[in-house]
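Take a look at the structure set out below.
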């Protein structure tokens, strides 16, 4: 495995332009539930001081009105992305009302039933109605509860100059966009192959409040105390059976192909135009109210859950698949990260240094197409790593054979070493090498994983999941509330908030098309 990577790295070094590999852009999307003083999901509207969730570029909502999503723009360094994310948190805390705080973990706080999970509302414009009805449809299809689970998405793109150099070094004389798209899909396939490593190293959801499951305990969980279920070796229940996924995929026939951009977009478009008998039973327009956008296998393409997505910046009311077909892949979105309960931002610099190294490894490593048999192995490995990842004897499936998770993880980390060293060139602190070395230690010491630390601390403090998460949430709230004021940054975020409200108002004023016509036009586009 390492010989291919070594040859490609050597070509980069021999070119004298290896620094181009370090010029990628980094972005972070972090979800957090707004929580009431009582520790329940906030029932209040999106705070007006934050702006309009529909049109704000950096502060929006996901499934629930209470599920905030904080977004950084693409930035030239990990440090810059984390600074922007911290500034966003600080502004949010300055505008939260009713003593609400942001929940510190992926798994939610006390859930008082699905009816107490408010669906996000985006106003009366056609785009706003479509976003709301889409979420209503998710509730009918999968239930609301699992969709208040929070996560962190890591967005990454390589510099255009790097792609030009890499194409030359690979001896490819074709179209640059085709080359870039092909290699991005190779990277995506490898992130799927080796993606089980992320919940093992960074999974931070080994336990859940019983209220989340309404006391219907899955067989692979056991009571921790009167309020909490947990997995003895679990790393990331969020990425497991109780997390968000297309559970009806096998029945509905949704099969997304990652061989190429064309096969990927075609399979998504097929799923968004193929009726599903089970969803037809729900109905679309019932008693004058939309229950879902349509009865297809997927209402829209974003409904398909995946741990990593190819992305292109959308223009107007554009479908993601159309954007990809028109302009190719702009960046990849890694979606398998739990919220880091021990960091106020939900993610830290060391994690991101490791993930950047991992992404580059996945680009440089050979990436054949994924067969049906390998797809089953990928799904199995993801599931067992989430539910049993800390079991010292856990075996994963690899090309028809069984292999110890620790052995495979150690092998991957060793193959990443040369990449980390290249990224650390002229870096006195050697952050990439240190991050890799620290995670290699975690591979061999499961008690150092975030999931193990959480359970051990809960035992030590005699706290259930809610008490543990509530304590950390309040600590993080104190952290942001005690940061020194930043008048210039405050003014910037205030301006973005006001501008977003003005743009939402303009959309609503311009609403001249009936929603049914708007929806039909979008679905047919």
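Observations
- Residue 68, sole failed condition from (1) without any contact (Cβ under 8 Å) to a residue 40 or more places away in the chain; (2) within 28 Å of residue 215 (Cα to Cα); (3) in contact with a strand residue (DSSP E or B) (Cβ under 9 Å, 6 or more places away or on another chain); (4) surrounded by fewer than 19 Cβ atoms within 10 Å (Cβ to Cβ): (4)
- The set of residues in the range 21-58 being within 12 Å of residue 501 (Cα to Cα), buried (at least 23 other Cβ atoms within 10 Å of the Cβ) and in contact with a helix residue (DSSP H, G or I) (Cβ under 6 Å, 6 or more places away or on another chain) consists of 50, 51, 52, 54.
- Of all residues in the range 188-206, none that is at negative phi and assigned to a helix (DSSP H, G or I) has its Cβ atom under 8 Å from the Cβ atom of a residue that is at pLDDT below 95 and crowded, with 24+ Cβ neighbours inside 10 Å, 6 or more apart or on another chain.
- For the range 132-164, the set of residues classified as part of a helix (DSSP H, G or I) and touching a strand residue (DSSP E or B) at 6+ places or on another chain (Cβ under 9 Å) consists of 132, 133, 135, 136, 137, 138, 139, 147, 148, listed by residue number.
- Restricting attention to the range 479-497, the residues that are surrounded by 12 or more Cβ atoms within 10 Å (Cβ to Cβ) and part of a helix (DSSP H, G or I) add up to 10.
- Test: residue 334 is touching a residue at least 24 places away in the same chain (Cβ under 8 Å), part of a strand (DSSP E or B) and either under 24 Å from the mean Cα position of the chain (by Cα) or surrounded by fewer than 19 Cβ atoms within 10 Å (Cβ to Cβ) (or both): yes
- Among (1) more than 28 Å from residue 458 (Cβ to Cβ); (2) in contact with a strand residue (DSSP E or B) (Cβ under 9 Å, 6 or more places away or on another chain); (3) assigned to a helix (DSSP H, G or I) - the single one residue 87 does not satisfy: (2)
- Near pairs, Cβ below 7 angstrom, 6+ apart or cross-chain, from the range 482-505 (under 14 Å from residue 95 (Cβ atoms)) to any residue that is loosely packed, with under 14 Cβ neighbours inside 10 Å: 496/57
- The set of residues from the range 255-290 being more than 26 Å from the chain's Cα centre (by Cα) and assigned to a loop (DSSP other than H, G, I, E, B) comprises 274, 276, 283, 284, 287, 288.
- Filtered by the rule that a residue be within 25 Å of the chain's Cα centre (by Cα) and either loosely packed, with under 15 Cβ neighbours inside 10 Å or without any contact (Cβ under 8 Å) to a residue 24 or more places away in the chain (or both), the range 448-465 gives a lone residue, 448.
- Only one of the listed residues (298, 324) is under 23 Å from residue 270 (Cα atoms), at pLDDT 95 or above, in a helix (DSSP H, G or I) and more than 13 Å from the chain's Cα centre (by Cα). That residue is 324.
- Identity of the residue in the range 144-165, in contact (Cβ under 8 Å) with a residue 24 or more places away in the chain and over 30 Å from residue 343 (Cα atoms), that ends up surrounded by the most Cβ atoms within 10 Å (Cβ to Cβ): 162
- Residue match in the range 398-406 (condition: assigned to a strand (DSSP E or B), surrounded by fewer than 21 Cβ atoms within 10 Å (Cβ to Cβ) and either in contact (Cβ under 8 Å) with a residue 40 or more places away in the chain or out of contact with any strand residue (DSSP E or B) (no Cβ under 7 Å at 6 or more places or on another chain) (or both)): yes
The values are calculated or read from the model by the stated rules, or taken from the named source; none is laboratory data. Remember, predicted model here, so these are calculated numbers, not experimental data. Quick reminder, even Gly has a Cβ in these numbers, built from the backbone with ideal geometry, and neighbours come from all protein chains shown.
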